[in-house]
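The values are calculated or read from the model by the stated rules, or taken from the named source; none is laboratory data. What you are looking at is a predicted structure, and each value in this text was computed from that prediction instead of being measured. All Cβ positions, even for glycine, are placed from backbone atoms using ideal geometry, and neighbour counts span all protein chains on display.
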Amino acid sequence: MGGGGEVLRRQGRLVSYPEHPIRLVLGFSPGSASDLIARALLPELGRQLGQPVAVELRQGEGGAVGARLAAGSAPDGYTLFMATLGTHGLAPHLNRSLPYDPLRDFAPVSLVAHMPLVLACHPSLAADSVGQLVVLARSRPGQLTYGSSAVGGAPHLAAELFQSMAQVEMTHVVYDNTDRLYADLEAGRITLSFNNMLSMAARIRAGTLRGLAVTARERSPVLPQLPTLVEAGLAGYEVTNWLGIVAPKGTPADVVAALHRAIDAALGSRSVRQQLDAVGVAAWSSTPAECAAHIARELARWAPVVARFRA
C-alpha cells in the first residue's frame, strides 16, 4: 500500500485506512471453525484497532491456498492468516511439496482459541455408542464413510487416529465445502464425521445428527452427555483443534506487538468470551513467542503420529 509500513509503526499502533482494511485470510470454507471463530472475534478486534478487519476466504488444498497467499503478502500488518492445527501442525508432515513453511514464512502474533471435535453420525446408523460403532465398522471394513473438508486437517487426523486405535477401516470422503459435508451427513449420504463443536452442537441438539463422543481429555459443558473417546474405551486418545493468528515473515516487531495487544484485548472482552463459551470454544491468548513455541511443539508432536498413518 505504499509506505503503509511506516505509518503502521507510528506510535506503535495500526493507523486506520477505511479504504484498505486489514484482511484476515482463512484457508477453509464458510461454516468451518476458522470462519465461525473469526466472525465472532473480528468486530471487537476492529474496535480495538480502530481499523476495519475483513475476512477473506481462500479455501483449497487443506488451507494451503490461503496460507501461501498470506505468506507471500507484504509484511506490513495488513494481511494476517488464521493458522490451525491442520495448516501449521499437520500439513508439513502430509505434503512434501507444501508451498509454505509454518515456522520460516510467518511471524506468529497470538493463539486465539482451542476446542474439541465431536464425533457424530447420521441418526439412522445402527450405533448409539462408540463401542457399537467399532463393532459395526469391524464387521463392515471400508464400508462406513467419514467426511472432512481437508486432507490433513484436524477432522481428518481425528478420524485417522480413531481408525488406528480402534483397529477399524473406514473410507474418507473429502469435501471442498463444509456446508456440503453437513448436507450429506444430515441426509445420510455419509456415515459420520469428526468436526468442530461450533457446527456440531446445534445439529445434535436439533436431532439431525447423533453425537457419540468428544475428542478432548474432558467432557464439554456444551454437550455434557457425550463421553470422551477415552471414556469410550480408546485410552490415550486426544485431538484438540487450535487456531492462532500469524502475519507474513518480516512484519515489524512493533506492528506484531500492536496486533497482539489488540487480539488479547478482544479475546478478553465479555462479548467475545460469551460467544465462544456458548459454543464450547475456549479463548486462548498468548504472546507472539508463546505462539511460535506452540507451533514448533505441535509440529514435533504430530510428526510420528502422521508417519504412522502414512506408513
Inset, instruction - Within segment 156-172, identify whether any single residue is more than 30 Å from P252 (Cβ to Cβ), in a strand (DSSP E or B) and not assigned by TED's automatic domain parsing to the domain that holds I37, and answer yes or no. - result: yes
Inset, instruction - Find all pairs meeting these conditions: Cβ atoms under 8 angstrom apart; at least six residues apart or on different chains; first residue within segment 165-176 and surrounded by 16 or more Cβ atoms within 10 Å (Cβ to Cβ); second residue of a type in the set (K, R). - result: V168/R138
Legend entry - Condition broken by P141, with the remaining ones in (1) out of contact with any helix residue (DSSP H, G or I) (no Cβ under 8 Å at 6 or more places or on another chain); (2) outside any loop (DSSP other than H, G, I, E, B); (3) farther than 19 Å from E231 by Cα satisfied: (2)
Inset, instruction - Identify the residue in segment 265-294 that is closer than 10 Å to V109 by Cα and either free of Cβ contacts under 8 Å to residues at least 60 places away in the same chain or in a helix (DSSP H, G or I) (or both) and, among all such residues, is farthest from the chain's Cα centre (by Cα). - result: A289
Inset, instruction - Note down all Cβ pairs under 6 Å where the first residue falls in segment 192-218 and is under 21 Å from D35 (Cα atoms) and assigned by TED's automatic domain parsing to the domain that holds P123, the second is buried (at least 17 other Cβ atoms within 10 Å of the Cβ) and of a type in the set (F, W, Y), and they're at least six residues apart or on different chains. - result: S193/Y146
Inset, instruction - Hey, could you check segment 197-227 for residues that are touching a Pro at 6+ places or on another chain (Cβ under 8 Å) and part of a strand (DSSP E or B) and say which is surrounded by the fewest Cβ atoms within 10 Å (Cβ to Cβ)? - result: R210
Inset, instruction - State all residues of segment 231-263 that are within 21 Å of the chain's Cα centre (by Cα), over 13 Å from V109 (Cβ atoms) and in contact (Cβ under 8 Å) with a residue 40 or more places away in the chain; if no residue qualifies, say none. - result: Y237, V239, T240, N241, W242
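Just name the residue that is farthest from T208 (Cα to Cα) out of those in segment 124-169 that are of a type in the set (S, T, Y) and in contact with a Phe, Trp or Tyr (Cβ under 8 Å, 6 or more places away or on another chain).
Kept after step one, since they are of a type in the set (S, T, Y), are these residues of segment 124-169: 124, 129, 139, 145-146, 148-149, 164.
Adding the requirement that they be in contact with a Phe, Trp or Tyr (Cβ under 8 Å, 6 or more places away or on another chain) leaves 146, 148-149, 164.
Details: Y146: 16, S148: 18, S149: 19, S164: 28 Å.
Residue satisfying both the conditions and the ranking: S164.
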Inset, instruction - Give the residue that is farthest from P75 (Cα to Cα), with candidates limited to residues of segment 245-257 that are part of a strand (DSSP E or B) and β-branched (V, I, T). - result: I245
Legend entry - All positions within segment 54-99 that are buried (at least 24 other Cβ atoms within 10 Å of the Cβ) and either over 18 Å from the mean Cα position of the chain (by Cα) or without any contact (Cβ under 8 Å) to a residue 24 or more places away in the chain (or both): G77
Inset, instruction - Collect the residues in segment 49-81 that are under 13 Å from V109 (Cβ atoms) and either among the polar types (S, T, N, Q) or assigned to a helix (DSSP H, G or I) (or both), keeping them in residue-number order. - result: L49, A70, T79
Legend entry - Residue check for T228: closer than 20 Å to A159 by Cβ and at pLDDT 95 or above: yes
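When only residues in segment 235-258 that are within 30 Å of C121 (Cβ to Cβ) and touching a strand residue (DSSP E or B) at 6+ places or on another chain (Cβ under 9 Å) count, which is surrounded by the most Cβ atoms within 10 Å (Cβ to Cβ)?
Looking only at segment 235-258, we keep the residues that are within 30 Å of C121 (Cβ to Cβ), and these are 235-243.
Restricting the remaining residues to those that are touching a strand residue (DSSP E or B) at 6+ places or on another chain (Cβ under 9 Å) gives 237-243.
Numbers: Y237: 22, E238: 15, V239: 22, T240: 16, N241: 27, W242: 21, L243: 25.
The extreme case among them is N241.
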Inset, instruction - For segment 126-150, enumerate the residues that are touching a Leu at 6+ places or on another chain (Cβ under 7 Å) and over 18 Å from L185 (Cβ atoms). - result: S129
Legend entry - Which listed residue is in a helix (DSSP H, G or I) and of a type in the set (F, W, Y), from W302, W242: W302
Inset, instruction - Scan (1) part of a loop (DSSP other than H, G, I, E, B); (2) without any contact (Cβ under 8 Å) to a residue 60 or more places away in the chain for the single condition D184 breaks and write down its number. - result: (1)
Inset, instruction - Considering every residue within segment 82-89, establish whether at least one is assigned to a strand (DSSP E or B) and either among the hydrophobic types (A, V, I, L, M, F, W, C) or over 18 Å from A154 (Cβ atoms) (or both). - result: yes
